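Q: I'd like to ask some things about the structure below.
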Amino acid sequence: MIRKLARIVAAKWFAVPLCALPALFLAMDFYQSLKAGADDTGGNVVFVEDPQDTDSGFVEITFDFPEEDFEGLPEAVPDEQSNEIPEEDTAKEEEEEVEEEEVAALPPDPFEALTDSTGDAAIGCFIIVLCLTPLRRLFPGVILVTALNRHRRLVGLSCFFYACLHFSLYFVDGLQTLLLEWSKLYIMAGLVAFSILLTMAVTSNDAMVRKMGGRRWKKLHRLVYLLIPILFYHKGWAGKSGPDQVIETLIWFSPLFVLQAVRILLYLIRKRGIRSRRVFEV
């Protein structure tokens, strides 16, 4: 039963739909965001008439009160002696509140949401790829883990595909967005990560392995481990980051951190054991 399941997991027709599944969800989410934005902008608009406009149909009404009605009432307190807020300050506060309400009422930008979603998909594929090798080292006899490791190249190329989508969305309005934000540290980290992913994707084929040689190819692909801190920073401190976003990023990367730490620990234990055997042999 386990062998049959492992054959199914190892098949390409099993892995390809899984790698393409995030793209389907991204397309559906983007369509719903566009539809929601169209519904919000296409609603009823309320026009407020200006009472000072003589053509608006308002009738000026005056009220006359006799002076006897004001006898015995306290006199008005001058503005210098009162604690009331000046009318100019209250008007400014009201304008600021109205602006904040208008900004909050605006529909979310579908392209901004798609940019975040494609970045999350790329990072998710990246985490899966780097978790497969430690799982194979920790559980060498498990057939399912071996079957999943056959799709490392496919999942890695899927990571690069979603990273390309994520990067291309910065050119929706031309180079304006990228030129305005390229000096930000998290944007620079993203550009460095994309360049490394590009190198990994170009060399992820059998022809490049034969041309470079297995040893040099492996050394080049060890650059992928530099992406762990870079992508952690890029996701955790992107845009208006806060403690919640950093905690979310830590939760995302926690399986990778744990597996890599266990892998390094086992490597050190094995290396120490080999050294002790050599000492005893001498």
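The values are calculated or read from the model by the stated rules, or taken from the named source; none is laboratory data. Computed from a predicted model, the values in this text were never measured in an experiment. Cβ coordinates were reconstructed from backbone atoms using ideal geometry, including for glycine residues, and neighbour counts include every protein chain displayed.
Q: Assess whether residue 130 counts as being closer than 23 Å to residue 257 by Cα and buried (at least 16 other Cβ atoms within 10 Å of the Cβ). Reasoning before the result, please.
A: On the way: closer than 23 Å to residue 257 by Cα: yes; buried (at least 16 other Cβ atoms within 10 Å of the Cβ): yes.
The answer is yes for residue 130.
Q: Something else about it: List the helices (runs of 4 or more DSSP H) that sit entirely inside region 114-228 and contain at least 1 residues that are in contact (Cβ under 8 Å) with a residue 40 or more places away in the chain.
A: Numbers: elements: 143-149, 152-168, 176-181, 185-202, 206-212, 214-221.
Passing ranges, in order: 143-149, 152-168, 185-202.
Q: Hey, among the residues in region 148-194 that are surrounded by fewer than 19 Cβ atoms within 10 Å (Cβ to Cβ) and among the small types (Gly, Ala, Ser), which one's nearest to residue 121 (Cα to Cα)?
A: 168
Q: Quick one: which of 209, 224, 192, 202 is at pLDDT 90 or above and either farther than 26 Å from residue 117 by Cβ or among the polar types (S, T, N, Q) (or both)? Reasoning before the result, please.
A: On the way: 224 fails: either farther than 26 Å from residue 117 by Cβ or among the polar types (S, T, N, Q) (or both); 192 fails: either farther than 26 Å from residue 117 by Cβ or among the polar types (S, T, N, Q) (or both); 202 fails: either farther than 26 Å from residue 117 by Cβ or among the polar types (S, T, N, Q) (or both).
Only one candidate passes the filter, namely 209.
Q: Can you name the condition, by its number, that residue 250 falls short on among (1) more than 30 Å from residue 2 (Cα to Cα); (2) over 19 Å from the mean Cα position of the chain (by Cα); (3) surrounded by 12 or more Cβ atoms within 10 Å (Cβ to Cβ)?
A: (2)
Q: Right, next: Residue by residue through region 235-263, note down the ones that are of a type outside the set (Gly, Ala, Ser), under 19 Å from residue 119 (Cα atoms) and touching a residue at least 60 places away in the same chain (Cβ under 8 Å).
A: 235, 252, 253, 255, 256, listed by residue number.
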